[in-house]
Amino acid sequence: MRSIAGALVLLTALGCPKRDNAEASSSADPPPEAGAPAFDRRAERAVLINRLRSAGIADERVLSAMQRVERHAFVPETEQRRAYANEALQIGHGQTISQPMVVAAMTEAARPGPGDKCLEVGTGSGYQAAVLAELCDKVYSIEYLEPLAQWAERNLRQAGYDASRVMLRAGDGYHGWPDEAPFDVVLVTAAPDKVPKPLLDQMAPGGRLVIPVGPRHAAQQLELWTRSRDVDGGFTRATLMVVRFVPFLGDAGSPRP
């Protein structure tokens with residue numbers, strides 16, 4: 001996993017800001033000065049993509065997908081001027097939109113392919129679902145908090161991701177989406193103390209699960225689980241990097257706030 005290692009080197013070298021409810025983060029871009037002209041969004045995305053590439057993200061499909069997805073369309077208006085900073089941003093309800101480096105690293109590790117069916121647990125603003133939708137056949141995304149689920153649906157639909165590309169549900173992601181299983185990719189954007197068994201059960205042979213695991217409001221380990229293609233095979237687990245995510249809400253995590 002050379003690119004993941006490269007991302008870890010960058011995160012370690014630059015350090016992680018100590019902020020609540022934020023993923024592992026490299027140095028933040030400086031805020032624009034008051035009265036500064038509006039950003040050239042396409043140019044801002046290009047700068048961000050070059051930063052990700054320099055940091056070790058090697059999958060050009062992932063980089064191209066993130067170039068196409070307009071991150072500023074998935075953050076609150078108050079955060080839009082920082083939309084292409086390489087940092088997590090607050091989206092309300094104690095939640096964040098992940099740092100672009102973490103989105104890229106998780107997506108690269110999951111290796112979504114054109115024919116894959118993807119499950120995302122933790123829709124948030126809808127940004128990660130949009131990135132996945134650029135790379136796989138269809139995304140099924142679950143959000144525990146109803147207000148965020150509604151906002152994410154509005155963001156995704158306005159950005160052109162209809163139900164044929166991204167299906168959305170409000171509910172407890174611990175249980176996955178059994179009616180649509182199995183999934184080739186499962187990507188979790190909040191941290192439980194341990195991997196929910198239903199998510200492992202819903203992985204297709206050869207499927208990949210990328211998930212942060214660890215204690216509430218502390219550093220966690222980003223893990224990659226791969227299911228054997230053999231009928232009676234099990235799983236392999238690899239640790240990718242140290243991250244910091246919001247806690248998992250639901251049966252495998254924290255009670256509803």
Practice prompt. Inspect the stretch 105-117 for any residue being in contact with a Gly (Cβ under 9 Å, 6 or more places away or on another chain) and either over 21 Å from Thr226 (Cβ atoms) or polar (S, T, N, Q) (or both) and give the result as yes or no.
Written response: no
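Matching residues to (1) over 20 Å from Ile97 (Cα atoms); (2) within 17 Å of the chain's Cα centre (by Cα); (3) not hydroxyl-bearing (Ser, Thr, Tyr):
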| residue | (1), (2), (3) |
| --- | --- |
| Leu132 | no, yes, yes |
| Lys138 | yes, yes, yes |
| Arg154 | no, no, yes |
| Gly171 | no, no, yes |
| Val186 | no, yes, yes |
| His217 | no, no, yes |
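A quick yes/no check of all residues on (1) within 22 Å of Tyr144 (Cα to Cα); (2) modelled with pLDDT under 95; (3) in contact with a strand residue (DSSP E or B) (Cβ under 8 Å, 6 or more places away or on another chain); (4) aliphatic (A, V, I, L, M):
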| residue | (1), (2), (3), (4) |
| --- | --- |
| Leu14 | no, yes, no, yes |
| Arg19 | no, yes, no, no |
| Ala28 | no, yes, no, yes |
| Asp40 | no, yes, no, no |
| Ile57 | no, no, no, yes |
| Gly92 | yes, yes, no, no |
| Ser125 | yes, no, yes, no |
Worksheet item: Quick one: would you say Arg227 is charged (D, E, K, R) and crowded, with 20+ Cβ neighbours inside 10 Å?
Response: yes
Worksheet item: So which residues in the stretch 118-144 are within 15 Å of His175 (Cα to Cα) and in contact with a Gly (Cβ under 8 Å, 6 or more places away or on another chain), if there are any at all?
Response: Leu119, Val121, Gly122, Ser141, Ile142, Glu143, Tyr144
Worksheet item: Hey, does the stretch 216-237 have a residue that's in contact (Cβ under 8 Å) with a residue 60 or more places away in the chain and part of a strand (DSSP E or B)?
Response: yes
Worksheet entry | Condition check for Leu222: under 19 Å from the mean Cα position of the chain (by Cα), surrounded by 14 or more Cβ atoms within 10 Å (Cβ to Cβ) and within 13 Å of Val121 (Cα to Cα) | no
Worksheet item: Got a sec? Which helices (runs of 4 or more DSSP H) wholly within the stretch 90-206 have at least 3 residues that are touching a residue at least 24 places away in the same chain (Cβ under 8 Å) and either surrounded by 22 or more Cβ atoms within 10 Å (Cβ to Cβ) or among the acidic types (Asp, Glu) (or both)?
Response: 100-110, 127-133, 146-158
Response to the item:
Within the stretch 190-215, the count of residues that are within 14 Å of the chain's Cα centre (by Cα) and modelled with pLDDT under 95 comes to 2
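The values are calculated or read from the model by the stated rules, or taken from the named source; none is laboratory data. Just so you know, these numbers come straight off a predicted model, no measurement behind them. Methodologically, a virtual Cβ is constructed for each residue, glycine included, from the backbone with ideal geometry; neighbour enumeration extends over all protein chains shown.
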